[in-house]
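Data block below; observations after.
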Amino acid sequence: MSITETMAVTQFLTYRLGEETFALDIAKVREVLDFTSITKVPRTPAFMRGVINLRGSVVPVVDLKVKFGMPMTEKSVNTCIIISEVNADGETAVIGALADSVQEVMDLDAMNISAPPRIGTRLNTDFIKGMGRCNDRFIIILDIDKVFSESELALVQAAQAANVAVAA
């Protein structure tokens, strides 16, 4: 996706992971939940914290901090779960992503969004849509559809299906 395609949507949900501010296209966000009990699913990747019951549906919850090589998200009064839709291999999956805190919904002007940084060929930054600038800080705009590989999403969906089967 080119940076000009990113500009078509200028409203983003901003949230914190550690000391960094990230943003998601608001169209990808279904809702934001307070932290709730998460059921751990055995033999899943470290970034997958487990599943939650969302109005009768099993929703996998991932820890983006772990996925990005940061320390695991610790529960605090501000910890929340961002429920979003991820498109992978032509299918839409609903996932929850832990965040240290949700900041705000904000409009970013196209003039304040730069292309993602190029950090050589060894590091994959395809999951970054762009870098937003607000006052004196940068906001990392994620492409949630590219954060997880197809095989990682398949593992998440398999864990979700296994929990549905156990609950039945």
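Of the residues 23, 88, 97, only one is within 15 Å of residue 147 (Cα to Cα) and at pLDDT below 90; which?
88
Tell me which of these residue 157 doesn't satisfy, since it passes every other one: (1) modelled with pLDDT under 75; (2) at positive phi.
Single failed check for residue 157: (2).
So, in the range 16-51, how many residues would count as being of a type in the set (Ser, Thr, Tyr), surrounded by fewer than 18 Cβ atoms within 10 Å (Cβ to Cβ) and outside any strand (DSSP E or B)?
Residues in the range 16-51 being of a type in the set (Ser, Thr, Tyr), surrounded by fewer than 18 Cβ atoms within 10 Å (Cβ to Cβ) and outside any strand (DSSP E or B): 2 in total.
So, in the range 78-100, how many residues would count as being out of contact with any strand residue (DSSP E or B) (no Cβ under 7 Å at 6 or more places or on another chain) and either under 16 Å from residue 38 (Cα atoms) or surrounded by 13 or more Cβ atoms within 10 Å (Cβ to Cβ) (or both)?
Final tally of qualifying residues: 2.
Exactly one condition in (1) without any contact (Cβ under 8 Å) to a residue 24 or more places away in the chain; (2) closer than 16 Å to residue 15 by Cβ is false for residue 56; which is it?
The one condition residue 56 does not meet is (2).
When you check residue 69 against the structure, is it assigned to a loop (DSSP other than H, G, I, E, B) and out of contact with any Gly (no Cβ under 9 Å at 6 or more places or on another chain), yes or no?
When the stated conditions are applied, residue 69 passes them.
Which of the residues belonging to the range 52-68 are over 15 Å from the mean Cα position of the chain (by Cα) and buried (at least 18 other Cβ atoms within 10 Å of the Cβ)?
At the first step, the residues of the range 52-68 found to be over 15 Å from the mean Cα position of the chain (by Cα) are 52-58.
Result: 52, 58.
With (1) over 24 Å from residue 79 (Cα atoms); (2) in contact (Cβ under 8 Å) with a residue 12 or more places away in the chain; (3) within 19 Å of the chain's Cα centre (by Cα) as the list, and residue 125 as the residue in question, which single condition is left unmet?
(2)
The values are calculated or read from the model by the stated rules, or taken from the named source; none is laboratory data. Only a predicted model underlies this, so the values are computations on that prediction, with no experimental measurement involved. All Cβ positions, glycine included, derive from the backbone under ideal geometry; neighbour counts span all protein chains shown.
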